[in-house]
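**Q** Sharing a structure below in structure tokens format, with a few things to ask.
The values are calculated or read from the model by the stated rules, or taken from the named source; none is laboratory data. All values derive from a computational prediction rather than experimental measurement. Note: ideal-geometry Cβ built from the backbone for every residue, glycine included; neighbour counts use all protein chains shown. Each accessible area value is taken on the protein alone, full model and side chains, heavy atoms only, with ligands, DNA and RNA left out. Shrake-Rupley method; radii C 1.70, N 1.55, O 1.52, S 1.80 Å.
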Amino acid sequence: MKSKILLAACICCSLWAQAKNNYADYVSTLVGTDSNFELSTGNTYPATAMPWGMNFWTPQTGHMGDGWVYNYTANRIRGFKQTHQPSPWMNDYGQFALMPTTGAHVFREDDRASFFNHKAETALPYYYQVYLADYDINTELVPTERAAMFRFTFPENSQSCVVVDALDRGSSVTIIPAERKIVGYSTKNSGGVPGNFKNYFVIVFDKPFTYTAAVPNGDIRTAELEATGNHAGAIIGFATRKGEQVHARVASSFISAEQAELNLKELGTLSFDQLKQKGRDRWNEVLGRIEIESDNINELRTFYSCLYRSTLFPRMFYEKDAKGNIVHYSPHTGKVLPGYMFTDTGFWDTFRGLMPFINLVYPEMSAQMEEGFYNSYKESGFYPEWATPGHRNCMVGNNSASVVADAYVKGNIKKDTQAIFDALCKDANSVHPTVGSSGRTAYKEYNQLGYVPSDVVGQSTSRTLEYAYDDWCIYQMGKKLGRPASETDIYKQRCQNYKNVFHPKYGMMSGRDSKGNFPDDFKPDAWWGPFTEGNSWHWTWCVFHDIRGLITLMGGDQAFVDKLDAVFKEPPTFGGNVDTRKQLIHEMREMQVVNMGQYAHGNQPIQHMIYLYNYAGQPWKTQYWVREAMRRLYYPTPDGYCGDEDNGQTSAWYIMSALGFYSVCPGTDQYVLGAPLYKKAKIHLANGKTVELSAPANSDENRYIESLSINGKAYGKNYVTHDQLLRGARLQYQMSSKPNMRRGTQPAAYPDSFSDNNE
């Protein structure tokens, strides 16, 4: 009996050892898909893709052109779409769809739609499967970076078909029966592209066609093999046996039809199952950079689902030519040019946590991305701020300065550094002629007055705060490059401009007009006006580079802490300037429903605020609220987020916070401490070093840091440095159910601020 028990124990241990390296299988791509226009729980779709891949694939439950391409509560699938959508608000480009059917030949998306059920659906990063009930067809797909393979398992039917829909707004499809091939292009997009934009695609089947029809504008024409016009499509068909599998090999290119054929070679001669394993291996490699141990399966699922979302964007927008050279179609000029290009990201969101996270854990990707961002500057005259795929007029700030400076400080930009610095300076003192979010809207007023006046342009205070921080980023990079004071001092001065929109009467950030007047009717909970998607409770803390200066403005440490505390105590009201019947946006409702006062974690501006207690001697409050946010606001479920996931930013906040730190101020080498979520975790760095985190007494009750040692030595600071982590480090935490009100309470323990440097 003892030997049987021992054998069983050994088997269990062996299975755990195998399972714990299969990080991708903890991921559900359905997390965040139970969203809609009124209320977001992520605003995601189930992207089946490779990490940062050029092409994603998703089942389509929404109608053509609907930003909510997949909704968890839907019950019918209209197709399987190649997508490049970064968010429902930006919509899509480079898209076309496939849909298998049986029986009567149909094309229109509502006619071809099939009922499905989540119980017969598998949604993993590297593999998607669903049973289409109306047709008795099992559909599976596996991706590479620029290609994919479908496997359709058909019933016995004399009219088994696959519909190819190149969508409207200009498309073309040609059927080539002799090669079992369909080629075409789609031009459907939502902006950010030049006039010659096309997404060329090729689809090759492994079964000869017995039925063909071109479909121009919904008209099924069996005598024709080509359709070109507003809305082109095709149907091919064959007789199938019960359980017969038909494969479709698919690829696309933004460069040419010939390049799409080259991209198809990514599939090689591998079978469907071999490609599935290859994709799983790649995801395990990327997700395995971070290894956590937990006996709570939901913790594992939440963590790795967030890590998956943190490694999708910015996406590759480059291809490899016949000689293996890296080339890209420029979304700025329409030309094919050498070098990397990355897109589908909004720096207003991602400068805060996602890009610093990539800089730390995936520096090899950071280096490629930064080269791509600089290529965007060279091709368009401006760094991207919101790119999909070219410049889009969305959000505020000049946060490419943060993205570049942080990558440079972390050692991930090694060439063209002087020219890149000049580019940042140019962007800080100009604005794109047609896209006001690239460069700086109202830069002249900002440079002259020291703030953006509220009677000149909307969201003025948000612009001022982000410009001031971005000025500090430019100053930091210039100083590290050794540029002369004659070039850098102006940014050193302007980084203090946040003080010019601090309302001294209320101790919070406020709008201010061009005559210098603050409003008489200031309401800290009032949304919009001088703020972007928020109010003064959210934006007052956006002085990332000089929290000590903000503390001084507020009257000292205790006054600052009291104001932080008030964020959680104030009711979640919207202020007097909002007619909730007309102006209520989803971010407002998302703040309201989580019952955390004015804390609006579902939107990015306030996500760092919890960590600011570390700057004022009460780090235990950071430890408490970080755990509250992780426990209350993140789940591995279709409603698992508390607002827009936004290209990996909200996920990256969770990943870093669960590991015990966060990038409050990108551009510094410091990560501000919270408290780890797990008893054990490892970060396997690209340089071969490992960061080990150990907190054996960690639990939901024991969320406070009693003591911390790094590499065996007691450590009392409220931050760790990038260099400390990069050298490899062992962080050992003693956790407690009670706050330690002595540790981290003295100024020597606080993270750096600009005002601390006596500059």
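**Q** Can you pull out every residue in the range 155-173 that is under 14 Å from Lys198 (Cβ atoms) and in a strand (DSSP E or B)?
**A** Of the residues in the range 155-173, the ones under 14 Å from Lys198 (Cβ atoms) are 166-167, 169-173.
Scanning the range 155-173 gives Ser171, Ser172, Val173.
**Q** Would the range 198-217 turn up any residue that is on the phi > 0 side of the Ramachandran plot and open to solvent by 10 Å² or more (accessible area, probe 1.4 Å)?
**A** Keep residues of the range 198-217 that are on the phi > 0 side of the Ramachandran plot, which gives 217.
Remaining after also requiring open to solvent by 10 Å² or more (accessible area, probe 1.4 Å): 217.
Within the range 198-217 (the criterion being on the phi > 0 side of the Ramachandran plot and open to solvent by 10 Å² or more (accessible area, probe 1.4 Å)), the answer is yes, since at least one residue qualifies.
**Q** Under the condition of being outside any strand (DSSP E or B) and of a type in the set (Lys, Arg), which residue from the range 225-269 is most open to solvent (accessible area, probe 1.4 Å)?
**A** So in the range 225-269, the residues outside any strand (DSSP E or B) come out as 225, 230-231, 241-243, 254-269.
Retained after the next criterion (residues that are of a type in the set (Lys, Arg)): 241-242, 265.
Values: Arg241: 154, Lys242: 175, Lys265: 145 Å².
The qualifying residue most open to solvent (accessible area, probe 1.4 Å) is Lys242.
**Q** While we're looking at this one, here's another question. What is the one condition in (1) closer than 21 Å to Ile606 by Cβ; (2) in a loop (DSSP other than H, G, I, E, B); (3) open to solvent by 50 Å² or more (accessible area, probe 1.4 Å) that Lys499 does not satisfy?
**A** For Lys499, the failing item is (2).
**Q** Can you tell me which residue within the range 564-615, out of those that are hydroxyl-bearing (Ser, Thr, Tyr) and over 24 Å from Tyr654 (Cβ atoms), is modelled with the highest pLDDT? Don't jump to the end; show me each part of the working.
**A** The first filter runs over the range 564-615 and keeps only residues hydroxyl-bearing (Ser, Thr, Tyr), leaving 573, 580, 599, 611, 613, 615.
Within this subset, residues satisfying the condition of being over 24 Å from Tyr654 (Cβ atoms) are 573, 580.
Working: Thr573: 92, Thr580: 52.
Here the residue is Thr573.
**Q** How many residues are within 17 Å of Ala97 (Cβ to Cβ), aromatic (Phe, Trp, Tyr) and open to solvent by less than 20 Å² (accessible area, probe 1.4 Å) if we restrict to the range 38-72?
**A** Of all residues in the range 38-72, those within 17 Å of Ala97 (Cβ to Cβ) come to 45-49, 55-71.
Then drop every residue that is not aromatic (Phe, Trp, Tyr), which leaves 45, 56-57, 68, 70.
Keeping just the survivors that are open to solvent by less than 20 Å² (accessible area, probe 1.4 Å) gives 45, 56-57, 70.
Summing the residues that are within 17 Å of Ala97 (Cβ to Cβ), aromatic (Phe, Trp, Tyr) and open to solvent by less than 20 Å² (accessible area, probe 1.4 Å) in the range 38-72 gives 4.
Yes/no matrix, rows are residues, columns are (1) over 24 Å from Phe56 (Cα atoms); (2) modelled with pLDDT of 95 or more; (3) surrounded by fewer than 22 Cβ atoms within 10 Å (Cβ to Cβ); (4) not small (Gly, Ala, Ser):
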| residue | (1), (2), (3), (4) |
| --- | --- |
| Tyr362 | no, yes, yes, yes |
| Gln368 | no, yes, yes, yes |
| Trp386 | no, yes, no, yes |
| Asn398 | yes, yes, no, yes |
| Thr417 | yes, yes, yes, yes |
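**Q** When both residues are 6+ apart or on different chains and their Cβ atoms are under 6 Å apart, which pairs have a first residue that lies in the range 204-230 and is free of Cβ contacts under 8 Å to residues at least 60 places away in the same chain and more than 12 Å from Ser171 (Cβ to Cβ), and a second that is buried (at least 19 other Cβ atoms within 10 Å of the Cβ) and of a type in the set (Phe, Trp, Tyr)?
**A** Cβ pairs passing all conditions: Lys207/Phe238; Thr210/Phe238.
**Q** Can you run down the residue pairs with Cβ atoms below 8 Å, 6 or more apart or on separate chains, where the first is in the range 334-348 and within 20 Å of Ser310 (Cβ to Cβ) and part of a helix (DSSP H, G or I) and the partner is open to solvent by 50 Å² or more (accessible area, probe 1.4 Å) and at pLDDT 95 or above?
**A** From the range 334-348, no pairs qualify.
**Q** I want to confirm something. Restricting to the range 700-710 and keeping residues that are open to solvent by 30 Å² or more (accessible area, probe 1.4 Å) and assigned to a loop (DSSP other than H, G, I, E, B), which single residue is nearest to Glu628 (Cα to Cα)?
**A** Asp700
**Q** Sort out which residues of the range 318-365 are on the phi > 0 side of the Ramachandran plot and of a type in the set (Asp, Glu), and write them in order of number. First the steps, then the outcome.
**A** The initial filter retains those residues of the range 318-365 that are on the phi > 0 side of the Ramachandran plot, namely 324, 334, 339, 344.
Hit for the range 318-365 is Asp344, nothing else.
**Q** Quick one: count up the residues across the range 523-538 that are in contact with a strand residue (DSSP E or B) (Cβ under 6 Å, 6 or more places away or on another chain) and part of a loop (DSSP other than H, G, I, E, B). Please lay out each step first, then the result.
**A** Applying the first criterion (in contact with a strand residue (DSSP E or B) (Cβ under 6 Å, 6 or more places away or on another chain)) to the range 523-538 yields 524, 536.
When the remaining residues are screened for being part of a loop (DSSP other than H, G, I, E, B), the result is 524.
Matching residues across the range 523-538 total 1.
**Q** Examine the range 125-136 for a residue that is of a type in the set (Asp, Glu), touching a strand residue (DSSP E or B) at 6+ places or on another chain (Cβ under 6 Å) and closer than 21 Å to Arg280 by Cα, and state whether such a residue exists. Talk me through it step by step, then tell me what you get.
**A** If we filter the range 125-136 for residues that are of a type in the set (Asp, Glu), which is where we start, we get 134, 136.
From the residues that got through so far, the ones that are touching a strand residue (DSSP E or B) at 6+ places or on another chain (Cβ under 6 Å) too are 134.
From the residues that got through so far, the ones that are closer than 21 Å to Arg280 by Cα too are none.
Within the range 125-136 (the criterion being of a type in the set (Asp, Glu), touching a strand residue (DSSP E or B) at 6+ places or on another chain (Cβ under 6 Å) and closer than 21 Å to Arg280 by Cα), the answer is no, since none of the residues qualifies.
**Q** Residues that are touching a residue at least 12 places away in the same chain (Cβ under 8 Å), among the charged types (D, E, K, R) and touching a helix residue (DSSP H, G or I) at 6+ places or on another chain (Cβ under 8 Å): find the helices (runs of 4 or more DSSP H) completely inside the range 539-650 holding 3 or more of those. Full working, then the answer.
**A** Working: elements: 547-554, 557-569, 586-593, 619-633.
Helices (runs of 4 or more DSSP H) meeting the threshold: 557-569.
**Q** Here are Phe357, Phe351, Phe342, Phe347: which of them is open to solvent by less than 10 Å² (accessible area, probe 1.4 Å) and either polar (S, T, N, Q) or closer than 16 Å to Ser380 by Cα (or both)?
**A** Exactly one of Phe357, Phe351, Phe342, Phe347 is open to solvent by less than 10 Å² (accessible area, probe 1.4 Å) and either polar (S, T, N, Q) or closer than 16 Å to Ser380 by Cα (or both), namely Phe342.
**Q** When only residues in the range 89-125 that are open to solvent by 10 Å² or more (accessible area, probe 1.4 Å) and within 22 Å of the chain's Cα centre (by Cα) count, which is nearest to Pro216 (Cα to Cα)?
**A** If we take residues in the range 89-125 being open to solvent by 10 Å² or more (accessible area, probe 1.4 Å) and within 22 Å of the chain's Cα centre (by Cα), then Asn91 is nearest to Pro216 (Cα to Cα).
**Q** Additional query: Name the single residue that is farthest from Pro356 (Cα to Cα) among those in the range 400-413 being open to solvent by less than 10 Å² (accessible area, probe 1.4 Å) and among the aliphatic types (A, V, I, L, M).
**A** Restricting attention to the range 400-413, the residues satisfying the condition of being open to solvent by less than 10 Å² (accessible area, probe 1.4 Å) are 400-407.
Adding the requirement that they be among the aliphatic types (A, V, I, L, M) leaves 401, 403-405, 407.
Details: Ala401: 13, Val403: 8, Val404: 10, Ala405: 10, Ala407: 7 Å.
In this case the residue turns out to be Ala401.
**Q** Additional query: Kindly indicate which of Lys515, Lys479 is at pLDDT 95 or above, touching a Pro at 6+ places or on another chain (Cβ under 9 Å) and farther than 30 Å from Glu587 by Cα. I'd like the intermediate steps shown before the answer.
**A** Details: Lys479 fails: touching a Pro at 6+ places or on another chain (Cβ under 9 Å).
Result: Lys515 is the single residue among Lys515, Lys479 that is at pLDDT 95 or above, touching a Pro at 6+ places or on another chain (Cβ under 9 Å) and farther than 30 Å from Glu587 by Cα.
**Q** Given (1) assigned to a strand (DSSP E or B); (2) aliphatic (A, V, I, L, M); (3) open to solvent by less than 10 Å² (accessible area, probe 1.4 Å), identify the lone condition not met by Leu275.
**A** (1)
Here is a yes/no grid of residues against (1) under 30 Å from Tyr467 (Cβ atoms); (2) open to solvent by 20 Å² or more (accessible area, probe 1.4 Å); (3) touching a Cys at 6+ places or on another chain (Cβ under 9 Å); (4) among the aromatic types (Phe, Trp, Tyr):
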residue	(1), (2), (3), (4)
Tyr662	yes, no, no, yes
Pro666	yes, no, yes, no
Lys689	no, yes, no, no
Asn698	no, no, no, no
Gly712	no, yes, no, no
Val720	yes, no, no, no
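**Q** Next up: State whether the residues of the range 630-651 include one that is of a type outside the set (Gly, Ala, Ser), over 20 Å from the mean Cα position of the chain (by Cα) and buried (at least 21 other Cβ atoms within 10 Å of the Cβ). Walk me through how you get there before you give the answer.
**A** Here is the first cut: in the range 630-651, the ones of a type outside the set (Gly, Ala, Ser) are 630-639, 641-642, 644-647, 649-650.
After this cut, where a residue has to be over 20 Å from the mean Cα position of the chain (by Cα) as well, the list is 631-632.
Pick out the ones that are also buried (at least 21 other Cβ atoms within 10 Å of the Cβ) and you get none.
No, every residue in the range 630-651 fails to be of a type outside the set (Gly, Ala, Ser), over 20 Å from the mean Cα position of the chain (by Cα) and buried (at least 21 other Cβ atoms within 10 Å of the Cβ).
**Q** Out of all the residues in the range 254-267, is one or more in contact with a Leu (Cβ under 7 Å, 6 or more places away or on another chain) and either touching a residue at least 40 places away in the same chain (Cβ under 8 Å) or within 30 Å of Asp639 (Cβ to Cβ) (or both)? Walk me through it before giving the result.
**A** First pass over the range 254-267, keeping only residues in contact with a Leu (Cβ under 7 Å, 6 or more places away or on another chain): 267.
Keeping just the survivors that are either touching a residue at least 40 places away in the same chain (Cβ under 8 Å) or within 30 Å of Asp639 (Cβ to Cβ) (or both) gives 267.
Yes, there is a match, as at least one residue in the range 254-267 is in contact with a Leu (Cβ under 7 Å, 6 or more places away or on another chain) and either touching a residue at least 40 places away in the same chain (Cβ under 8 Å) or within 30 Å of Asp639 (Cβ to Cβ) (or both).
Yes/no per residue for (1) touching a Cys at 6+ places or on another chain (Cβ under 9 Å); (2) of a type in the set (Val, Ile, Thr); (3) at pLDDT below 95:
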site	(1), (2), (3)
Met90	yes, no, no
Gly103	yes, no, no
Tyr131	no, no, no
Thr139	no, yes, no
Thr144	no, yes, no
Val163	no, yes, no
Glu179	no, no, no
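**Q** Return the total of residues in the range 722-759 being in contact with a strand residue (DSSP E or B) (Cβ under 6 Å, 6 or more places away or on another chain), part of a strand (DSSP E or B), closer than 16 Å to Gly674 by Cβ and open to solvent by less than 60 Å² (accessible area, probe 1.4 Å).
**A** Adding up the residues that qualify gives 3.
**Q** With the condition kept exactly as written, say whether any residue in the range 423-441 is in a helix (DSSP H, G or I), hydroxyl-bearing (Ser, Thr, Tyr) and in contact (Cβ under 8 Å) with a residue 12 or more places away in the chain.
**A** Of the residues in the range 423-441, the ones in a helix (DSSP H, G or I) are 423-428.
Keeping just the survivors that are hydroxyl-bearing (Ser, Thr, Tyr) gives none.
No, there is no match, as no residue in the range 423-441 is in a helix (DSSP H, G or I), hydroxyl-bearing (Ser, Thr, Tyr) and in contact (Cβ under 8 Å) with a residue 12 or more places away in the chain.
**Q** Inside the range 183-207, can you point out the residues that are within 18 Å of Leu98 (Cβ to Cβ) and assigned to a loop (DSSP other than H, G, I, E, B)?
**A** Restricting attention to the range 183-207, the residues satisfying the condition of being within 18 Å of Leu98 (Cβ to Cβ) are 183-186, 188, 199-207.
If the condition is that a residue be within 18 Å of Leu98 (Cβ to Cβ) and assigned to a loop (DSSP other than H, G, I, E, B), then Lys188, Asp206, Lys207 are the ones that fit.
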